[in-house]
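S.K.: Let me begin by handing over the structure; questions about it come next.
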Amino acid sequence: MRSAGTIPGRTLGQMKRNWGLYLLLFPAVVLTLLFAYKPMYGVIIAFKDYSPALGIADSPWAGFKYFEKFFNSYQFSNTIKNTLIISLYSMLTFPIPIILALMVNQMRPNRFRRFFQTVSYMPHFISTVVMVGLMMILLSPSTGLVGNLYSLFGKEAPDLIGSASLFSSVYVWSDVWQHVGWDSIIFIAALSAVDPSLYEAATVDGASRWHKIRYIDIPMLMPTAVTLLILRVGGLLGIGFEKVYLMQNDLNATSSEILSTYVYKIGLLSSQYSFSSAINLFNTVISFILLIIVNQISKKMSENSLW
């Protein structure tokens, strides 16, 4: 029977042989420790009456005061509702990159396919500020493209950016347009790894193009799709702050105030650091719980999971 002491020795030997790889890994580990784990100490201000003058350690404990304050505030139900509406709406568009990848995979590898892929990728590289600026110009009811199209038919254009009821639709579908091409890359890569002999065998058996997609392409994409879906569900309450904040105005505030924008206003604009930390910690805990639940469900139903 081998002694337990040989295991550390074997590990040390492997590290010596691959010291170059560990050297390349070292900066990433240091950055992760400094910017991901070290700041976690600051989470405790959610349970304190934090004062910059006293510092984190010397500020008095407040317990769950700020969590109760958030749960009892009028913004609790509103921010949770708006965040869930936009998140769940975005979840409905999850299959679109998969459909695009299947379409691209059916194209012959020629100039048109390369042109099509390049055009679909390009919007991803537009910055959020520029993207929202374009939306403001194009969707303007008076001078924008939408306004001019409506004026051709003698009708008054709706204010899409200022509409509270349409805010989630404008946000989600502009996001789809910007990122669908980029999000499809990982699925196109998964399809490129499919063994060509599978298609050849299917052709011999008389399978149509649709049958190849249904019985070869889609099953090959399922492990990748399930993994990405689990990660997306884990970030259900973590909608990006920048785009929502830039699109926000007084007319659509009832539908555009989400957790991240509320945390920004409370924490940085109102200097209520403990309160904003409590809200953000609540968001993180819920996201973590959702990630574990969805991962376990996926593991039992499809045997695909993150761990």
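The values are calculated or read from the model by the stated rules, or taken from the named source; none is laboratory data. Computed from a predicted structure; not experimentally measured. Cβ coordinates were reconstructed from backbone atoms using ideal geometry, including for glycine residues, and neighbour counts include every protein chain displayed. These area figures cover heavy atoms from the full protein model, side chains too; ligands, DNA and RNA do not enter into them. Shrake-Rupley method; radii C 1.70, N 1.55, O 1.52, S 1.80 Å.
S.K.: How compact is the range 133-218 by the rule of thumb for globular proteins, expressed as Cα Rg over 2.2 N^0.38 Å? Each step should come with its number before you reach the end.
M.R.: Working: Rg = 21.7 Å, N = 86, 2.2 N^0.38 = 12.0 Å.
It is 1.81.
S.K.: Then there is this: Taking square-rooted eigenvalues a ≥ b ≥ c of the alpha carbon gyration tensor, is the chain rounded, prolate or oblate, where a/c under 1.5 means rounded and, failing that, a/b exceeding b/c means prolate?
M.R.: Oblate, since a/c reaches 1.5 and b/c is not below a/b.
S.K.: What's the FRET efficiency of Phe35 with Phe116 using the Cβ-Cβ distance as r and R₀ = 35 Å, to the nearest 0.05?
M.R.: 0.35
S.K.: Turning to a different aspect of this structure: Based on the Cβ-Cβ distance of Leu229 and Ser151, what FRET efficiency does E = 1/(1 + (r/R0)^6) give at R0 = 35 Å, to the nearest 0.05? Can you show the working numbers first?
M.R.: Numbers: r = 43 Å, r/R0 = 1.22.
For R0 = 35 Å, the calculated efficiency reads 0.25.
S.K.: What distance in nm lies between label points placed 7 Å from Cα along the C-beta direction at Leu268 and Ile96?
M.R.: 2.7 nm
S.K.: Continuing with the same structure: I'd like to check one number: the per residue accessible area of the range 1-127, probe 1.4 Å, reported in Å² as a whole number.
M.R.: On a per-residue basis, 73 Å².
S.K.: Counting Lys +1, Arg +1, Asp -1, Glu -1, what net charge surrounds Phe67 among other residues with beta carbon under 14 Å of its beta carbon?
M.R.: Residues near Phe67 contribute +1 overall.
S.K.: Within the chain, what whole-number % of the accessible surface is contributed by carbon and sulfur, with the 1.4 Å probe and all protein chains included in the calculation?
M.R.: 68 percent
S.K.: Still on this structure, please answer the following. Given the DSSP H assignment, sum -39500 (n - 2.57) over each helix run of at least 4 residues in the chain and divide by its residue total; what's the result at 222 nm in deg cm²/dmol, nearest 500?
M.R.: Numbers: 18 runs with 201 residues, N = 307.
Rounded to the nearest 500, the figure is -20000 deg cm²/dmol.
S.K.: Still on this structure, I have one more. Can you check what the net charge comes to around Val104, using other residues whose Cβ is under 15 Å from the Cβ of Val104 (Lys, Arg +1; Asp, Glu -1)?
M.R.: Around Val104, the surrounding residues sum to +4.
S.K.: A follow-up question, please. Give me the 1.4 Å probe accessible area per residue for the range 171-214, excluding ligands and nucleic acids, in Å².
M.R.: 59 Å²
S.K.: Please give the net charge around Asp49, taking every other residue with its beta carbon less than 12 angstrom from that of Asp49, where Lys and Arg add +1 and Asp and Glu add -1.
M.R.: Net of charged neighbours comes to +2.
S.K.: With r as the distance between the Cβ atoms of Lys16 and Leu290 and R0 = 51 Å, compute the FRET efficiency 1/(1 + (r/R0)^6) and round to 0.05.
M.R.: Efficiency, rounded to the nearest 0.05: 0.75.
S.K.: While we're here: Sort 32-39, 78-85 for me by packing, meaning the mean count of neighbouring Cβ atoms within 10 Å per residue, highest on top.
M.R.: Highest mean packing first, the order is 78-85, 32-39.
S.K.: Could you state the number of Å between the C-alpha centres of the range 91-144 and the range 227-254?
M.R.: One Cα centre to the other: 19 Å.
S.K.: So how do 236-244, 255-263 stack up, highest first, on mean other-Cβ count within 10 Å?
M.R.: 255-263, 236-244
S.K.: Let me ask something else about it. Provide, for the chain, the number of lysine pairs with alpha carbons under 22 Å apart, each pair being eight or more places apart or on different chains.
M.R.: Total qualifying Lys-Lys pairs in the chain comes to 10.
S.K.: For the range 50-301, what is the relative contact order in percent, using Cα pairs closer than 8 Å and at least 6 residues apart in sequence?
M.R.: That works out to 27 percent.
S.K.: What residues qualify as long-range amide H neighbours of Lys48, i.e. H under 5 Å apart, gap of 5 or more or another chain, H built at 1.01 Å from N?
M.R.: Those lying under 5 Å, H to H, from Lys48 are Ala62.
S.K.: Compare the peptides 203-209, 108-114 by average per-residue count of other Cβ atoms within 10 angstrom and give them in order, highest first.
M.R.: Numbers: 203-209: 10.6, 108-114: 9.0.
The densest-packed peptide leads the list: 203-209, 108-114.
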